[in-house]
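Beneath this line is the structure, given in structure tokens, with notes to follow.
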Amino acid sequence: MSEYEAFSLIYDAVMANYDYDEAFRWVKQVAGERDRLDILEMAMGTGKLTEKLTAMGTVVGFDRSEEMLMQAYRRLYKNPRAKWTKMDLRNFSFGKSFDLILCLCDGLNYLPDEADLLACFKQVRAHLKTGGRFLFDLNTAARFREYGDLKEIRDEEGYFLTWENHFDGAVNRYVITAFLEEEDGSYERFDEIHEEYVYNEKTVEKCLREAGLKALAAYDGYSFSPATPQSKRISFVAGIDE
């Protein structure tokens, strides 16, 4: 089964520890208190952050998972400031440019190699307005080392889930087995495999330069403290290299 096919149905419940409010506050502080921005959100998932971003302007979002976009539709279909479509991080294309482009919640960690990261950054460069900002974050090796060989079981209303994690130093792989409750009270089993790839700061900055962008800052999580080797999430601010 492909990534996020069944997981999309319980994604928001399982990922309840991700603080969308904190992420949104950080974005607002970087971008400034404006409400007429043209915003592109990459790997938008179920649209929870998208919904908040519409307070800052009109948002076009995309994801490669049809199942995640279906969850986004349920959240956003009445919101006139949000649009969404299915596209890939490596070759997305729109007939316009944007003031702000974002890819948060470690979406870029799913790109399997440096060539893919560079391809993504080139598309960002092609869609970013002069003076615009590109905000993105990445889980780090420190985060994945903390996960290690984690095994987790969740027994919640509507689903039962096991999560088995393994980090080999370069790739963090987690296997999800979920049993989702059906309307008749029975359960259907789903199995998914997810892989996130580690990119260090030097590689990220190199790919940005090759794409015609430059790193303006690298922060520890959604703070304004500089990233360190112990940072578990690094949040980057980038712009056009003029």
Completion exercise
When (1) of a type outside the set (D, E, K, R); (2) under 30 Å from His127 (Cβ atoms); (3) out of contact with any Asp or Glu (no Cβ under 9 Å at 6 or more places or on another chain); (4) part of a strand (DSSP E or B) are applied to Ile153, the one that fails is (2)
Fill in the blank from the handout: Of those in segment 220-242 that are assigned to a strand (DSSP E or B) and within 20 Å of Asn172 (Cβ to Cβ), the residue most open to solvent (accessible area, probe 1.4 Å) is Asp220
Practice task
Kindly indicate whether Leu102 is farther than 20 Å from His127 by Cα, open to solvent by less than 40 Å² (accessible area, probe 1.4 Å) and at pLDDT 95 or above.
Solution key: no
Handout entry: Selected residue [touching a strand residue (DSSP E or B) at 6+ places or on another chain (Cβ under 9 Å) and farther than 24 Å from His194 by Cα] from Leu104, Leu111, Leu89, Leu128
Key = Leu128
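Check whether at least one residue in segment 195-202 is at positive phi, open to solvent by less than 80 Å² (accessible area, probe 1.4 Å) and of a type outside the set (S, T, N, Q), and report yes or no.
Our first condition is that a residue be at positive phi; within segment 195-202, this holds for none.
Checking segment 195-202: not a single residue is at positive phi, open to solvent by less than 80 Å² (accessible area, probe 1.4 Å) and of a type outside the set (S, T, N, Q).
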Exercise for the section: For residues that are assigned to a strand (DSSP E or B) and charged (D, E, K, R), scanning just segment 185-214, find the one that is farthest from the chain's Cα centre (by Cα). Expected result: Glu188
Completion exercise
Of Arg90, Arg75, the only residue that is within 15 Å of Val124 (Cα to Cα) and touching an Asp or Glu at 6+ places or on another chain (Cβ under 7 Å) is Arg90
Completion exercise
Over segment 132-143, the set of residues touching a residue at least 60 places away in the same chain (Cβ under 8 Å) and outside any strand (DSSP E or B) is Thr140, Ala142, Arg143
Handout entry: Restricting segment 24-71 to residues that are open to solvent by 10 Å² or more (accessible area, probe 1.4 Å), part of a helix (DSSP H, G or I) and in contact with an Asp or Glu (Cβ under 6 Å, 6 or more places away or on another chain), the residue that is nearest to Lys129 (Cα to Cα)
Key = Leu69
Fill in the blank from the handout: How many residues of segment 107-131 are crowded, with 21+ Cβ neighbours inside 10 Å and assigned to a strand (DSSP E or B)? The answer is 1
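For segment 159-185, what are the residues that are farther than 18 Å from Phe144 by Cβ and open to solvent by less than 50 Å² (accessible area, probe 1.4 Å)? Spell out the reasoning first.
In the first step, residues of segment 159-185 are kept if they are farther than 18 Å from Phe144 by Cβ; the result is 159-162, 177-185.
Listed by number, the residues that qualify are Tyr159, Leu161, Thr162, Thr177, Ala178, Leu180, Gly185.
Specify the residue that is surrounded by the most Cβ atoms within 10 Å (Cβ to Cβ); the eligible residues are those in segment 72-85 that are under 25 Å from His194 (Cα atoms) and in contact with a Ser or Thr (Cβ under 8 Å, 6 or more places away or on another chain). Even if it seems obvious, please write down each step before you answer.
Just the residues of segment 72-85 that are under 25 Å from His194 (Cα atoms), to begin with: 72-75, 84-85.
After this cut, where a residue has to be in contact with a Ser or Thr (Cβ under 8 Å, 6 or more places away or on another chain) as well, the list is 72, 75, 84.
Numbers: Ala72: 25, Arg75: 15, Trp84: 20.
Filtering segment 72-85 for residues that are under 25 Å from His194 (Cα atoms) and in contact with a Ser or Thr (Cβ under 8 Å, 6 or more places away or on another chain), the one surrounded by the most Cβ atoms within 10 Å (Cβ to Cβ) comes out as Ala72.
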Problem - Number of the exception - Ala217 against (1) within 21 Å of the chain's Cα centre (by Cα); (2) surrounded by 17 or more Cβ atoms within 10 Å (Cβ to Cβ) - result: (2)
Practice task
Among the numbered conditions (1) β-branched (Val, Ile, Thr); (2) open to solvent by less than 60 Å² (accessible area, probe 1.4 Å); (3) free of Cβ contacts under 8 Å to residues at least 24 places away in the same chain, tell me where Ile153 comes up short.
Solution key: (2)
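The values are calculated or read from the model by the stated rules, or taken from the named source; none is laboratory data. Since we're looking at a predicted model, the values are computed, not measured. So basically every Cβ, Gly included, is an ideal-geometry build from the backbone, and we count neighbours across all protein chains shown. Calculation scope for accessible area: heavy atoms of the full protein, side chains included, ligands and nucleic acids excluded. Shrake-Rupley method; radii C 1.70, N 1.55, O 1.52, S 1.80 Å.
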